[in-house]
Each structure stands twice: as C-alpha cells, then as structure tokens.
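To start, the structure under review is shown below, and the notes come after it.
The values are calculated or read from the model by the stated rules, or taken from the named source; none is laboratory data. Since we're looking at a predicted model, the values are computed, not measured. Note that each Cβ is placed from the backbone with ideal geometry, even for glycine, and that neighbours are counted across all protein chains shown. Heads up: the accessible areas ignore ligands, DNA and RNA and are worked out on the full protein's heavy atoms, side chains in. Shrake-Rupley method; radii C 1.70, N 1.55, O 1.52, S 1.80 Å.
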Amino acid sequence: MTSCDAGCVLPANSFLPFCVDNLNKESLTLYVQMIKSKVDEEDYWHSSKFKAFTFDDEDDELSRLKESRQAVNNIRRLVEEDDDEDDVERVSWSGEPVGSISWSVKETAASSQRADREPAFPKISTDTPSISRSQSGYSLSSLFKGKPKVGNFQTFSDALTDSSVRLYAPELRKPKSEYKDYVSDWSPEETVQRLQQGKAVSLERFRTLQDKLLLLDHAIAAHDGNVITAVLIYLKRTLCKEVLFRELESRQTALRHFIHYLSETQNQRLLLELHRALGKAEDAALLQYKEHLSITDENKRRDFLKNCLSLPFSAEDLAHVQDHYTLLERQIIIEVTDRQAECGGKVEIFQKFPRKALILNMPLITTLYYCCFYHYAEPEGTFSSPLNIRQTFKISEKQYFVTALAARAKLKAWLDVDALFASRNWLGFTRKKSPLSFQRVVDILQKNSAPTHVLQDYVALVDDGELRLTLAQKHKCHDIVISTYRDMKDRQLLLGYRGKVVRGSAEERKIDDLLSNPQIRWKN
C-alpha cells in the first residue's frame, strides 16, 4: 500500500499518472470509486468457489451439477446486489400496468369465466383482494431471484413443497361389474356360483328367513360342502337356535355338515343342544359322556362317570360306561395301596422292579397286565387280584392267558408259566394245554429271553413236524433236531448236523451213539 501527500491510502499496484494535490474533490472521488470497483472485481474472481479438475472425482456428472448450482447462486447474488426494483415497472401481458383499474377489472372477469368453464374441479378461494403495484410479486427481478418478497406469492417450486397446497385430478370410476361384487345384487343361485368360484360375496342382503332358506337349498343343490358350510355359518349367526334346528331337521345333508362343523370347532354345548332338539337322546348321551376326556382329576372324573350312568344310553353303551366307572374306581384303590407299599419299602417286587407309570386311566388289559406283574399270587377276593379282574370284567380265557403269560415271562417266573399250561384230564393225568398255538407261545417266550431248556419243552409240543424242526433249528434246541433226524432215519442229515454242535458236548455224544447203533436201519 502507498500513501499520497493528501493522506489517502492507495493500493501498492495502483498507478497515479498525476499528483493527487493537483486533483479536485470530485475527480478524487471518481478515482477512488474506480479503484474500489476494480478491487471488488478482483476479489470476486479470486474468491470463486469453482474447483479444478481432479482424477479423484468418481462422479463427474455430480461434480458438474454442483458447479452449475454454485454458478447460479453467484449470478443470483449479483442480481440481488444490482437490481433496483423501484426503477422496474410491472406490467401485464397486454401492456397495462399491474394494479391499475383496467387490469383489476379484466382479471376479475377472466377468473369468473374460468370458474364457469371448470365446474368439475375444486374451486379456489377468490376472496384475495386486488393486488396493487406495490404488493405484486411478479417482476423481472423475482424471476431471476427465484423467490418472492415476504407477503408475496409463492414460486412454483415452493408451491409444490407446500403441504397446504393440494393438487386435484379427476377420479376414474370403476366398472359397474366391480361395484356389483360389493353391493351384492346377486340372486341366491348366482351367489352360490360365486362362492364356488372363490369370489367375495356378501350374504348380508339375505335377511328374511325365506331368502336364507332359499340360499341354503341352492347350496345343497350345488353339492359343494364348503359352500354349504359357509351358508350354515351365516345362518348360525343370524338365526335363533330353535328355528335353525327345525329347518335343519328336514335337510339331512345340511344337518350332517353342521354336526361335522360343530365337532371340528369343538362346540360341544351347541352340539348337545342340537341332538336334544332333534330327539337323538343316545347321541346326546354319548356326546356328554365324551366330556370326561377333558377332566384331569381322577376323583372328579370318577364322579362324572357315575353321573353319566343315569343318561339314556343303549344297553350295550350303558354296559361299557359301567365298566369304565368300575375300572377307574378300582384303579384309584390299587394306586393308593401300591403307592404306600412302594414308599414303605417292605414289598420286594416294588424294590426289584420299580413302577414306571401310574395305573390311573389305563386300559383294562394294561390294568390286568399290571396286576399279573405285581399282584399275581393275591387271593381272588382282593381288588388287585388278576382272577378278580378277570371275573369282574368278563375277560376271555385266551386274553387272560396271553396277558398273564407275557407278565410272568417278563419276570422270568418259569414255574408260573408252566402252571398256566397245566391241565388235568378226567383220569387225573396232567398234561400241557394252551388256548394259543404253541408256535405263538414259543414266540412270546423267546421275546422275553427264555432259556433254551424252557423253549425246548414248548417247541416239542408243536404238532407240525416241519415247523417243529424249523423252530428247533432256529432256537438251537439240539435234542429236538437230533430226535427228529433219528425218527426220519436220515444218516446224512444227522452227520451234517454233528458239525454244528459243540465238540465234546452231550449232543455230540448222543449223535455218535445213534450213528453206531446197529438196530437203527438208516435209509441212506
């Protein structure tokens, strides 16, 4: 910076072709303004925000967009600094000054004509007073600036972002065929057809009893169970029970679907009322008896079953309900007694074979097996005696035999197993007799790991020779195989079987004795 003799501070790079002392005041002022404008121009170009090109820019389009936006902002800033709005006269497209009387009259007439021509669109309030020259925001400077003064009209971009401004467009009407689906102008037959097609149909238009029954009849005639069930659900909701039950009685197909629907939805109360209303006392009794399944407490279930004995069952069903009640009552007694014995630790069998489950609510055969396992030797007069259970519930001999055989074989009580087969004839002789085939007996004993000498006694009782030989070979009953080959007088088979027995065993010595016996006439 340099200073002249007059005391003015000037830039260092400024050039004065003449001395400041020889200048007057106006020339000096003009020269200072010129220097100031030159400095401002240089500051503008030096302070430019434009960025030079770099290879690090990954998005050239985005960078160019930012540069363009910055340039527009700079131009807007220049316009705001240089624009003098007092010198601009706002005129309309016809050349008349905005805010004049003639312009206001024309604008009012034009707005009324537009309102007459466009009645279908929402009307915009026309209560805004006339815009004077000083209030109008339309000017060349406002177009360059992009924003109006405070209190003037909004720009187009601001109007789009304003939530208070709504854009209205005419709504296209749907075809009448689509409205008909929801208005429900369908006949009962058409309604059933649409239900079969899986289309949405409202059944609310069927309000009278006659219309509802007609709809149900058309559904039955269509032979579609889903449609029938849908109509029945609507009738159940809109009709009283008495009317619905009465009408279903004459429509057996719909009645069966309704009973199935109530069963699937577990509406036991309404199903019981339906059976009673239709006079089906036995079905109602069986349905009420079925409710015992939902009772978990054994004492309450026993009391419930006792009350069921007074229901109008058939003779056969009443016998089953009686047996159920008696069995549960006996199971409760046995369970209490055995629980005390198991906790006391004085009964040997409960210590050797602890119980894995409770006896409560078990089937009859399971209860019999339990008693044959833990209470086999008890006298017949006790509740837990197998013989008492057999007599009370009239269990067949074959069923009792199979259950007792499986229970005693599980305990390896072979003497008790032999006692089951003991039978005396009228001469007093004892022989083994079984209500089962001895082949089945052998299978039961083998599943319970019976020893060979026990299996051998029952394999020998099989009547069929080939089957007996097969079972003997399968379970290694050597004495039976050797005796069978001896009876067949087949020397070759006996020699071949000699190699299957243990060397030096009693079976090998027996085979050698048979082969060296000269009294046997071998066929080969």
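Overview of values
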| quantity | calculated |
| --- | --- |
| Residues of segment 237-269 satisfying the condition of being buried (at least 16 other Cβ atoms within 10 Å of the Cβ) and not small (Gly, Ala, Ser) | 239, 244, 245, 247, 248, 251, 255, 257, 258, 259, 261, 262 |
| Only listed residue being touching a residue at least 60 places away in the same chain (Cβ under 8 Å) and over 30 Å from residue 259 (Cα atoms), chosen from 337, 367, 392 | 392 |
| Which listed residue, of 456, 446, is open to solvent by 80 Å² or more (accessible area, probe 1.4 Å), outside any loop (DSSP other than H, G, I, E, B) and under 23 Å from residue 505 (Cβ atoms) | 446 |
| Residues of segment 270-283 satisfying the condition of being under 20 Å from residue 236 (Cα atoms) and part of a helix (DSSP H, G or I) | 270, 271, 272, 273, 274, 275, 276, 277 |
| Residue count, segment 295-330 (criterion: in a helix (DSSP H, G or I), under 37 Å from the mean Cα position of the chain (by Cα) and aliphatic (A, V, I, L, M)) | 1 |
| Breaking point among (1) touching a helix residue (DSSP H, G or I) at 6+ places or on another chain (Cβ under 9 Å); (2) open to solvent by 30 Å² or more (accessible area, probe 1.4 Å), for residue 426 | (1) |
| Residue in segment 406-424 that is part of a helix (DSSP H, G or I), in contact with a Cys (Cβ under 6 Å, 6 or more places away or on another chain) and farther than 30 Å from residue 306 by Cα present | yes |
